[in-house]
Amino acid sequence: MSAAPRRLRAMTTTTATATTAIAATGLRKSYGDKTVLDGVDLHVPEGTVFSLLGPNGAGKTTAVKILSTLITADAGGIRIAGHDPATHPDAVRGAIGVTGQFSAVDNLITGEENMLLMADLHHLPRREGRRVTDELLARFDLTDAAREPAAAYSGGMRRRLDIAMTLVGSPRIIFLDEPTTGLDPRSRHTMWHIIRELVTDGVTVFLTTQYLEEADELADSIAVLHGGRIVAHGTADELKRLVPGGHVRLRFEDPGAYERAAGELRETVRDDQALTLQIPSDGSQRELRAILDWLDAADVHADTLTVHTPDLDDVFFALTATTTAARPSPKENVR
Ligand SMILES: Nc1ncnc2c1ncn2[C@@H]1O[C@H](COP(=O)(O)OP(=O)(O)O)[C@@H](O)[C@H]1O
Ligand SMILES: [Mg+2]
């Protein structure tokens, strides 16, 4: 994990306990006999980033639509900025902004016209609408493209315009439904930067994603949605502690050296095909030094040594193992 979210986390913890921005208990939603949400509880403190993580079809968009008053739940209690969407939908709508999975941008008009239209919808006075539009277009690096039809925008530009439009109403709570799906790596990083800036401004962000890495980068707290239920929740670090799997992996080019090492070293997991040995390890300096000393003492010379610490992929695949078929090979961090 990079330093930035940690810093943000430190900055936000002081306000985190103060007020609850989003709370839901026992959320249920079915379509016909298909149960999409089967008793979902969520709690998002003000000024934090919450990530609802799940694969395609998990029910992320359904949850966002319910919490943002677009559809109603079959059962469950909800409070958004203290308001109940069932009885006070307008109060909820006044507090939130939603950037849906599918763009709200009108491609036939320019980026600027899209923004001004938004300002009109929020009943901003003309001059104020103009000011907010110019400011947000500049903030999202869209000033040069402001007078081009949105149809000519790249995917990343359209997402930025979409978020800029959401911010016209100065919402304190923002729902971002898969804001980076389909974006190229550079645009994805720009989007992450935008999300971090929102949080620095004190906005609460409810982010859905299928990317574990994204939740790891951005979220103060993560809930994994699977089979209509939250199967795990916590910080990225807490979730990672749920799974074992930290190890040091030794790889050999020479089958003879591999066999000798496998004979010498206890507590290893062999992979005879790949000529690799895995030694359980938490990846700490102390354990690494012990392993290196041990290798020296046994006169074992591996061709590569890699440290694997459990990441959110491990957590996700462990939690969803019952229905997830193939597991991609684990990410290795070469130290
Ligand atoms: N209006 C609808 N009618 C019937 N089924 C729906 C409707 N909306 C969503 N679903 C189903 O609910 C499940 C969850 O969908 P969705 O919330 O869009 O998942 P996600 O956003 O996590 O990909 C899917 O199986 C989807 O087909
Ligand atoms: Mg969706």
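Using +1 on the beta carbon of Lys and Arg, -1 on that of Asp and Glu, and nothing else charged, what's the dipole of the range 247-309 about the Cα centre, debye to 20?
For the range 247-309, the charge dipole is close to 200 debye.
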Which of MET191, MET115 has the fewest Cβ neighbours within 10 Å, and the rest in rising order:
MET191, MET115
P(r) over all Cα-Cα pairs of the chain, 20 Å bins from 0 to the longest distance, whole percent per bin, short to long, reads 27, 48, 21, 4
Which of these, HIS308, HIS193, HIS123, has the largest mean-square fluctuation under a Gaussian network model of the chain (Cα springs below 10 Å)?
HIS123
What percentage of all Cα-Cα pairs in the range 188-234 are separated by more than 11 Å?
70
Against the rule of thumb 2.2 N^0.38 Å, how large the Cα Rg of the range 175-299 comes out
1.51
Name the residue from LEU212, ALA302, ILE173 whose Cα lies farthest towards the positive end of the charge dipole of the chain, charges +1 on Cβ of Lys and Arg and -1 on Cβ of Asp and Glu.
ILE173
What is the packing order of peptides 40-53, 57-70, 246-259, taking the mean over residues of other C-beta atoms within 10 Å and listing the highest first?
40-53, 57-70, 246-259
Cα principal axis extents for the range 247-309, largest first, Å:
29, 23, 19
Compute the length gained on full extension between HIS189 and LEU70: take 0.36 nm times their separation in residues and subtract their Cα-Cα distance, giving the result in nm to one decimal.
39.9 nm
Take ASP254 and ALA274, extend 7 Å from each Cα along the Cα→Cβ direction, and tell me the distance between the two endpoints in nm.
2.3
Stokes-Einstein at 4 °C, 1.567 mPa s, Kirkwood radius from Cα pairs: D for the range 139-182 in µm² s⁻¹?
113
Average Cα contact separation per residue, the chain, under 8 Å, 6 or more apart, as relative contact order %
18
Give the aspartates and glutamates reachable from LYS34 as a straight Cα distance under 14 Å; neighbours fewer than 8 places away on the same chain don't count.
ASP74
Under 17 Å by backbone N from the virtual spin label 7 Å along Cα-to-Cβ at ARG289, the residues of the range 265-282 are 282
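Can you tell me the relative contact order of the range 247-309? Whole percent, Cα pairs under 8 Å, sequence separation 6 or more.
51
None of the figures in this text is laboratory data; all of them are computed from the coordinates on show. The structure displayed is predicted, hence computed values, not measured ones. With ideal geometry, Cβ positions are generated from the backbone for all residues, glycine too; neighbour counts draw on all protein chains shown.
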